[in-house]
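Before any comments, here is the structure.
The values are calculated or read from the model by the stated rules, or taken from the named source; none is laboratory data. Predicted model, so just to flag it, every value in this text is computed and none were measured. Cβ coordinates were reconstructed from backbone atoms using ideal geometry, including for glycine residues, and neighbour counts include every protein chain displayed.
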Amino acid sequence: MLETGIKVPSFTISTDTGSFSMTDKAGRNVVVFFFPRADTSGCTKEAVAFSGLMADFTAAGCEVIGISKDTAAKQGKFRAKHGLTCELGADDATDICEQFGVWVEKSMYGRTYMGIQRASFLIDGSGTIVEVWPKVKVAGHAEEVLTRVRTL
């Protein structure tokens, strides 16, 4: 997993509304939160929490994007169903999850599989990671990230 002090890889990702490019975000703070699957309970709570604070993130000069391996179409349905306002990236055809180190082996009920480890990254205007939240617990996470953003 990428750590603080590392420059993030330059990436462009499809979203349900077009595309998102880190190159275009130079000079702006960005939160990237990775979530396992659109429209599941924990992922919905996390995306709703970030969306509910979007005005505060914007006021703090920060953009927010959630990324999963879902398609852009599925992200669009997820947005519409829950009234989400944060960007939703579709990593179904790229390897951004791998570049950030959140595509990991998981196990459930004795079965192992590859999946996304829920994690968030705060990236400053120079493209450097200033905070990492590995293995995120959803409750209160978006608020914690916003508090950290306000210190930049």
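Mind counting the residues in the range 26-54 that are surrounded by 23 or more Cβ atoms within 10 Å (Cβ to Cβ), in a helix (DSSP H, G or I) and small (Gly, Ala, Ser)?
Adding up the residues that qualify gives 1.
With of a type in the set (Lys, Arg) and touching a helix residue (DSSP H, G or I) at 6+ places or on another chain (Cβ under 9 Å) as the only criterion, which of LYS74, LYS81, LYS106, LYS135 stands out?
LYS81
Among the residues of the range 80-126, which ones are among the β-branched types (Val, Ile, Thr) and not in a loop (DSSP other than H, G, I, E, B)?
Matches in the range 80-126: ILE96, VAL104, THR112, ILE116, ILE123.
So GLU143 ticks every box in (1) at pLDDT 95 or above; (2) assigned to a strand (DSSP E or B); (3) of a type outside the set (Lys, Arg) but one. Which box is left unticked?
The one condition GLU143 does not meet is (2).
Residues in the range 110-144 that are of a type outside the set (Lys, Arg), touching a strand residue (DSSP E or B) at 6+ places or on another chain (Cβ under 9 Å), within 25 Å of ASP92 (Cβ to Cβ) and in contact (Cβ under 8 Å) with a residue 24 or more places away in the chain: how many?
Number satisfying all stated conditions: 15.
In this structure, does GLU105 turn out to be without any contact (Cβ under 8 Å) to a residue 24 or more places away in the chain and more than 20 Å from PHE11 (Cα to Cα)?
yes
Mind checking whether some residue in the range 55-65 is touching a residue at least 60 places away in the same chain (Cβ under 8 Å), over 19 Å from LEU146 (Cβ atoms) and in a strand (DSSP E or B)?
So far as the range 55-65 goes, no, none of its residues is touching a residue at least 60 places away in the same chain (Cβ under 8 Å), over 19 Å from LEU146 (Cβ atoms) and in a strand (DSSP E or B).
Output the residues belonging to the range 66-79 that are among the hydroxyl-bearing types (Ser, Thr, Tyr) and either in a helix (DSSP H, G or I) or surrounded by 22 or more Cβ atoms within 10 Å (Cβ to Cβ) (or both).
SER68
In this structure, does PHE121 turn out to be touching a Cys at 6+ places or on another chain (Cβ under 8 Å), buried (at least 20 other Cβ atoms within 10 Å of the Cβ) and within 20 Å of LYS25 (Cα to Cα)?
no
Given the condition over 16 Å from the mean Cα position of the chain (by Cα), under 18 Å from THR40 (Cα atoms) and surrounded by 13 or more Cβ atoms within 10 Å (Cβ to Cβ), answer yes or no: does some residue in the range 82-97 qualify?
yes
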